[in-house]
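J.: One structure, pasted below without further comment.
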Amino acid sequence: MKFNTKTIHGGQQHEPSTGAVMTPIFQTSTYVQQSPGKHKGYEYSRGENPTRHALEKAFASIENGTHGLAFSSGLAATDCVLRLFNSGDHIIAGDDLYGGSYRMFTQLFEKYGLTFSFVDMNNPENVKNAITENTKLIWLETPTNPLLKVADIEVITLIAKENNLLTAVDNTFATPYNQRPLDLGADIVMHSATKYLGGHSDVVMGALMVKDEELAKQLHFIQFAAGAVAGPMDCFLALRGVKTLALRVQRHNENGMRVAEFLKNHSKVQSVYYPGLEDHPNHEVANKQMNGFGGMLSFRLKEDSREATFKVLENFKIITLAESLGGVESLVNHPATMTHASIPAKEREKLGITDSLIRLSVGVEDVYDLIEDINNAIG
Ligand code: P1T
């Protein structure tokens, strides 16, 4: 089955008791048992729910995995992965990643004895050099949020395999239309399904996809035991969102490239961060492992002041100033004070998440309207 068919039919079946073509919202917490332990496969909705089950099968299908898991948020999915490990274990993560992931690693899990190294994954040698005898996992976000750094998944998973480490890829920015990490050697794919998989800014959800039976079992156990599952209504919405993923991402890719090129030539713009641009430091790697470059980009204004940047942010008319990304509508965000405020100022400065940095989630609107809006806002 090709990707676009999988988004619509992957792992899906018509509802067996009624023939309903679309999986209904099974808004139930529990299921009848004829005798204790004798039931139709469903006991309690934290463990299994038919709407969630349909979505989890769709998730597995679009990432070429064998198992999918749906969580109540992207961070709940990340939390599930980290609970595979024990006190004393060491995890290597990229130095540029979603602020909430960084906050979870450093403020929640360090407390329980996990240790983290944050390295620049542009160069796989940095990953190699960070491995210690306690390292268990490489956490890869690519492209990264918000600087759109690109890491070579194939090379890094090879390093991981040589050292008996697991690799998890946060594939939120890329989407499985553009990049399929399990095919490139990763063990776990994670998504904030709140973003492109849902696609309509109406659901907060997380996803994990794997292709190994034993790993799937462990993650399912944690999902059930910790309990951060996605509810049936949200699963219905996400399932509906996934059906148009290929169509939407094609347009995100086209619009993203057009907006990046426009910004690159704008006299008030210092730099543009978009892996589709030939002068992106990892354009070649992106070209190798991605089918398209997505709708996410960041840019830096020449005028480096918070006041000037806020003025631009307040000027957008069509594009909405808001956290999040990946919906059909375009959003603009100020990483330093919004999505990445939880990263200490010193770290942010070092990475380049400064006041003049603006992040755009380029939606699927008419690109001429978007470019006009950006041009008017920048002034
Ligand atoms: O918000 P949640 O569904 O819990 O997902 C967390 C998350 C994980 N990974 C990446 C790459 C993300 O971008 C996010 C959430 N990000 C935003 C809300 C944002 O505006 O960047």
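J.: Would you be able to tell me the number of residues in segment 124-134 that are in contact with an Asp or Glu (Cβ under 9 Å, 6 or more places away or on another chain) and not in a helix (DSSP H, G or I)?
T.: 1
J.: Do we have any residue at all in segment 299-310 that's without any contact (Cβ under 8 Å) to a residue 24 or more places away in the chain and of a type outside the set (S, T, N, Q)?
T.: Filtering segment 299-310 for residues without any contact (Cβ under 8 Å) to a residue 24 or more places away in the chain gives 307.
Of the ones still in play, those that are also of a type outside the set (S, T, N, Q) are 307.
Yes: one or more hits.
J.: Among the residues that make up segment 140-150, is at least one of them assigned to a strand (DSSP E or B) and closer than 30 Å to Leu360 by Cβ?
T.: First pass over segment 140-150, keeping only residues assigned to a strand (DSSP E or B): 140-141.
Now drop any that are not closer than 30 Å to Leu360 by Cβ, which leaves 140-141.
Checking segment 140-150: at least one residue is assigned to a strand (DSSP E or B) and closer than 30 Å to Leu360 by Cβ.
J.: With (1) within 17 Å of Arg251 (Cβ to Cβ); (2) at pLDDT below 95; (3) of a type outside the set (Asp, Glu) as the list, and Gly294 as the residue in question, which single condition is left unmet?
T.: Unmet for Gly294, out of (1) within 17 Å of Arg251 (Cβ to Cβ); (2) at pLDDT below 95; (3) of a type outside the set (Asp, Glu): (2).
J.: Okay, next question. Please go through segment 168-202 and give me each residue that is touching a helix residue (DSSP H, G or I) at 6+ places or on another chain (Cβ under 7 Å), surrounded by fewer than 24 Cβ atoms within 10 Å (Cβ to Cβ) and not in a loop (DSSP other than H, G, I, E, B), ordered by number.
T.: Within segment 168-202, Tyr177, Asn178, Leu184 qualify.
J.: Where the second residue is at pLDDT 95 or above and assigned to a loop (DSSP other than H, G, I, E, B) and the first is closer than 17 Å to Ser330 by Cβ and open to solvent by 50 Å² or more (accessible area, probe 1.4 Å) and lies in segment 259-273, which pairs have Cβ atoms under 6 Å and are six or more apart or on separate chains?
T.: Tyr273/Leu147; Tyr273/Leu148
J.: With respect to Val155, determine if the residue is closer than 30 Å to Ser324 by Cβ, β-branched (Val, Ile, Thr) and assigned to a helix (DSSP H, G or I). Lay out the reasoning, then the answer.
T.: Working: closer than 30 Å to Ser324 by Cβ: no; β-branched (Val, Ile, Thr): yes; assigned to a helix (DSSP H, G or I): yes.
So Val155 fails the test.
J.: Kindly indicate which of His280, His340 is farther than 18 Å from Arg248 by Cβ, open to solvent by less than 30 Å² (accessible area, probe 1.4 Å), under 18 Å from the mean Cα position of the chain (by Cα) and not aromatic (Phe, Trp, Tyr). Before the answer, list the steps.
T.: Working: His280 fails: under 18 Å from the mean Cα position of the chain (by Cα).
Answer to the selection: His340.
J.: What residue, among those in segment 70-87 that are outside any loop (DSSP other than H, G, I, E, B) and either more than 16 Å from the ligand (Cβ to nearest atom) or not small (Gly, Ala, Ser) (or both), is farthest from Lys195 (Cα to Cα)?
T.: Keep residues of segment 70-87 that are outside any loop (DSSP other than H, G, I, E, B), which gives 70-71, 74-82.
Remaining after also requiring either more than 16 Å from the ligand (Cβ to nearest atom) or not small (Gly, Ala, Ser) (or both): 71, 75, 78-82.
Numbers: Phe71: 13, Leu75: 13, Thr78: 15, Asp79: 18, Cys80: 19, Val81: 19, Leu82: 21 Å.
Ranking the qualifying residues of segment 70-87, first place goes to Leu82.
The values are calculated or read from the model by the stated rules, or taken from the named source; none is laboratory data. This is a predicted model, so every value here is computed, not measured. Neighbour counts run over all protein chains shown; Cβ positions are idealised from the backbone, glycine included. All accessible areas refer to the heavy atoms of the entire protein, side chains included, with ligands and DNA or RNA removed. Shrake-Rupley method; radii C 1.70, N 1.55, O 1.52, S 1.80 Å.
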